[in-house]
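The values are calculated or read from the model by the stated rules, or taken from the named source; none is laboratory data. Nothing here was measured: the structure is a model prediction, and the numbers come from that model. Cβ coordinates were reconstructed from backbone atoms using ideal geometry, including for glycine residues, and neighbour counts include every protein chain displayed. In case anyone asks, the SASA skips ligands and DNA or RNA and just uses the protein heavy atoms, side chains included. Shrake-Rupley method; radii C 1.70, N 1.55, O 1.52, S 1.80 Å.
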Amino acid sequence: MIYDIEYETMPREALEAIQFRRLKATLDRGYASVPFYRKQFEAAGLTPGDIQCLNDLQRLPFTTKQDLRDNYPFGMFAVPMENVVRIHASSGTTGQPTVVGYTARDVDTWASLMARSLMAGGATRGDIIHNAYGYGLFTGGLGAHYGAEKLGASVIPVSGGNTKRQVVIMKDFGPTILTATPSYALHLAEVADEMGVSFRDLKFKYGIFGAEPWSENMRGDIEEKLGLVAVDIYGLSEVIGPGVAMECHEAKKGLHIFEDHFIPEIINPETGEVLPYGETGELVFTSITKEAFPVIRYRTRDITSLNPEPCICGRTMVRMNKVSGRSDDMLIIRGVNVFPSQIESVLMEMQNVAPHYQLVVDREGSLDILTVMVEVSDAMFSDEVKTLQGMEAEITKNIKDYLGVSAKVKLVEPKAIARSQGKAVRVIDNRKI
Ligand code: DLL
């Protein structure tokens with residue numbers, strides 16, 4: 001039994017009434033139990049009682065990743081440790097990791113959200129789910145696992161890595177849904193191919209891919225190579241993990257935010273001003289049902305926009321467009337702002353380019369130099385017409401034409417770029433070393 005599905009198609013007014021009730025409970029909890037949030041209220045000269053409608057949320061200060069770090073490890077928990085049943089942490093590639101906690105009810109809420117996400121992505125209880133998200137402190141593996149069980153599907157808890165064994169399992173067990181990062185899904189297909197197994201002959205119907213940005217063109221490439229329908233799932237540890245927003249397989253156009261649990265806002269990252277629907281900026285979330293780790297106006301650093309238009313699937317929950325990148329992943333190359341996913345879009349438009357690339361940024365004097373390393377496909381070597389130099393020139397021109405950025409393009413042999421078992425490393429920034 002999946003709870004809460006009725007919220008997905010609720011008229012706006014009814015949903016907002018529920019949101020407000022839940023928001024109030026969250027603010028009371030934060031104020032009473034987390035010294036950081038009490039200070040935030042005090043700094044704004046407010047108490048929870050001053051928040052009298054959903055719009056009043058905008059009167060509260062933001063919470064940043066730095067605030068979570070300052071309260072490392074458990075300072076943001078709103079319940080005593082004896083009520084915390086699970087702890088996860090973000091990888092923390094830069095600085096201290098962020099630690100998040102869950103009560104038993106939080107774990108159950110999350111499982112329901114993931115069950116709803118899997119359903120939106122095409123899964124049913126009759127499916128076998130090959131779950132190749134990493135199990136561990138990362139929320140992907142266990143998040144998808146609990147959701148799959150809640151849905152009543154059969155889950156194979158294979159995690160990331162040991163890729164050849166995964167191919168054997170996929171062949172023998174006949175899973176119908178693949179959950180993985182998009183980059184690892186491509187790697188699975190590549191290894192399958194080396195082993196003489198065609199992904200297209202396997203039983204997969206849907207792939208539920210997320211945890212990293214992937215362009216629309218990458219979706220096309222994955223769908224063709226893997227012979228499945230690819231849908232996008234979004235989430236972050238600080239807010240709950242995967243299952244904050246999910247694309248429906250009917251439209252595949254933006255991710256429905258589970259607004260019965262999270263209130264989204266889009267802000268101008270420089271000024272903090274709240275932007276209207278349709279405008280692009282930084283995504284901010286307030287959780288309204290979490291017990292152990294409530295977040296109030298948490299700045300995700302993810303860049304997107306919100307779309308309130310009705311969806312063909314019938315869900316009334318607002319959609320966020322595909323995340324183009326994180327504000328801290330944005331490269332500024334000689335004054336031009338560029339996200340790795342924009343480069344990816346250009347690359348994926350081209351023939352004979354493999355979906356594996358890496359961006360290297362160096363500084364020469366006061367100039368930033370961007371080198372795009374991209375693998376050519378095996379087919380390139382049998383292509384008599386195009387030379388490698390010709391192709392490099394074409395990619396350079398396309399990047400310049402579409403993004404206005406001058407990049408050096410370096411074609412590399414198939415499989416030259418390291419594969420990842422989780423999130424792909426797209427940028428090597430030598431300027432920071
Ligand atoms: O990546 C949770 C997750 C697991 C989501 C499995 C989807 C599937 P973190 O490790 O805390 O949590 O990383 C969160 O990853 O702020 C985004 O920058 C990025 N991200 C997550 N999903 C997407 C997506 C998990 N669908 C950070 N598209 C977020 C683009 C994504 N970026």
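Below, the figures for the structure above:
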| item | result |
| --- | --- |
| Qualifying position, being surrounded by 13 or more Cβ atoms within 10 Å (Cβ to Cβ) and without any contact (Cβ under 8 Å) to a residue 40 or more places away in the chain, among 22, 38 | 38 |
| Selection within segment 390-416 - surrounded by 13 or more Cβ atoms within 10 Å (Cβ to Cβ), touching a residue at least 24 places away in the same chain (Cβ under 8 Å) and among the charged types (D, E, K, R) | 394, 408, 410, 415 |
| Residue satisfying all of: in segment 45-89; of a type in the set (Lys, Arg) and under 20 Å from residue 300 (Cα atoms); surrounded by the most Cβ atoms within 10 Å (Cβ to Cβ) among these | 65 |
| Criterion violated by residue 202 - all others in (1) out of contact with any strand residue (DSSP E or B) (no Cβ under 8 Å at 6 or more places or on another chain); (2) within 15 Å of the ligand (Cβ to nearest atom) satisfied | (2) |
| For residue 220: the one exception among (1) within 8 Å of the ligand (Cβ to nearest atom); (2) farther than 20 Å from residue 302 by Cβ; (3) not aromatic (Phe, Trp, Tyr) | (1) |
| Residue within segment 370-384 that is part of a strand (DSSP E or B), in contact with a strand residue (DSSP E or B) (Cβ under 7 Å, 6 or more places away or on another chain) and open to solvent by 50 Å² or more (accessible area, probe 1.4 Å) present | no |
| Residue match in segment 408-418 (condition: within 16 Å of the ligand (Cβ to nearest atom) and under 24 Å from residue 191 (Cβ atoms)) | no |
| Yes/no for residue 265 being among the acidic types (Asp, Glu) and within 20 Å of residue 21 (Cβ to Cβ) | yes |
| From 291, 279, residue being surrounded by fewer than 22 Cβ atoms within 10 Å (Cβ to Cβ) and away from the ligand (no atom under 14 Å from the Cβ) | 279 |
| Scan of segment 314-365 for residues that are part of a strand (DSSP E or B), open to solvent by less than 60 Å² (accessible area, probe 1.4 Å), over 22 Å from residue 269 (Cβ atoms) and among the charged types (D, E, K, R), ordered by number | 362 |
| For residue 160: the one exception among (1) more than 20 Å from residue 85 (Cβ to Cβ); (2) surrounded by fewer than 20 Cβ atoms within 10 Å (Cβ to Cβ) | (2) |
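One line per residue, one yes/no per condition, for (1) touching a Phe, Trp or Tyr at 6+ places or on another chain (Cβ under 9 Å); (2) within 16 Å of the ligand (Cβ to nearest atom); (3) not in a loop (DSSP other than H, G, I, E, B):
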site	(1), (2), (3)
141	yes, yes, yes
160	yes, yes, no
188	yes, yes, yes
192	yes, no, yes
